[in-house]
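Taken together, the values in this text are just the output of simple stated rules run on the coordinates, not laboratory data. What you see is a predicted model, and the numbers here were worked out from it, not measured in a lab. Heads up, the Cβs are rebuilt from the backbone with ideal geometry, glycines too, and the neighbour counts pull from every protein chain shown.
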Amino acid sequence: MQNQTSDLNQMLSFLLVESYSDNLSYEKLFKRLSSIACTDELSATLSPERNELNQQVGRLQKILKELKIRPVKTASEIGEAYLKAGKAMCSGRKKSTLQQDVSILALVKEITYRRLAQSNTLESMARALGRESFVMLLEQSGLECRNAAAYLGQIENNILYPAFLTSECKI
């Protein structure tokens with residue numbers, strides 16, 4: 001049992017560092033995507049002032065500090081793929097079109113659902129290890145991801161797709 005606990009602790013530590021690194025990168029990416037989004041609501045939602053990434057990074061930082069782990073830049077392969085896709089969307093653009101906003105929104109939703117999955121996985125590991133203080137922090141991150149996903153759905157259905165009908169942005 002001791003060896004299994006040690007393995008789970010190691011896996012938790014590895015995934016915490018990976019999640020921390022991914023979220024830091026997403027924070028920068030969302031800021032860039034915010035600056036090119038065509039629709040005001042998508043732009044505002046992705047801005048550092050409105051999204052919850054900073055708080056999630058802070059929670060992960062708190063957990064890593066308690067575990068005495070110094071975070072290093074070890075983004076996941078999936079995180080790297082999302083960053084590459086996002087950077088391609090931003091490449092040479094000052095503003096996007098409605099079609100590009102649909103692509104931006106799709107990418108941001110994928111990232112948000114990935115972050116939700118990471119939070120849930122980390123929360124389950126922390127719970128299995130009896131790390132209740134971590135569980136509370138990770139539950140909060142999961143809740144914020146669920147709320148963010150729901151809000152992105154509202155933007156999609158109530159703002160972005162109807163904008164096609166009124167041509168508020170260049171198509």
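Projected onto their three principal axes, the Cα atoms of the range 2-166 cover extents of 62, 29, 23 Å, largest first. Rounded to the nearest 0.05, what FRET efficiency is calculated for residue 44 and residue 15 with R0 set to 25 Å and r the Cβ-Cβ distance? E between residue 44 and residue 15, to the nearest 0.05, is 0.20. Its relative contact order, with pairs defined as Cα atoms under 8 Å and 6+ residues apart, puts the chain at 29 percent.
Round to the nearest 0.05 the FRET efficiency obtained for residue 128 and residue 151 when R0 = 35 Å and r is the Cβ-Cβ distance.
0.70
Here, the range 91-146 yields an orientationally averaged convex hull projection of 4.8 nm² when only Cα atoms define the hull.
Placing pseudo-labels 7 Å out from each Cα toward the beta carbon at residue 6 and residue 87 gives an inter-label distance of 3.9 nm. Spacing of the modelled spin labels on residue 158 and residue 65, each 7 Å from Cα toward Cβ, amounts to 3.6 nm. The stretch between residue 78 and residue 139, if pulled fully straight at 0.36 nm per residue, gains 19.7 nm over its current Cα-Cα span.
Helices of the chain meeting both criteria, an alpha-carbon length of 27 angstrom or more along the long axis and an average Kyte-Doolittle score not below -0.5, with helices taken as full DSSP H segments, are 2-36, 98-128, 132-155. Lysine pairs in the chain whose alpha-carbon atoms fall under 17 angstrom of each other, counting only those eight or more residues apart or on distinct chains, come to 18. Applying 1/(1 + (r/R0)^6) with r as the Cβ-Cβ distance of residue 106 and residue 166 and R0 = 25 angstrom yields a FRET efficiency of 0.75. Think of the range 2-166 as having a plus end and a minus end, set by charges on the Cβ of Lys, Arg, Asp and Glu; of 89, 122, 150, 89 sits farthest toward the positive end of this dipole. Starting from the Cα of residue 55, step 7 Å along the direction of its Cβ; do the same at residue 121; then give the gap between the two resulting points in nm. So the label points at residue 55 and residue 121 sit 2.4 nm apart.
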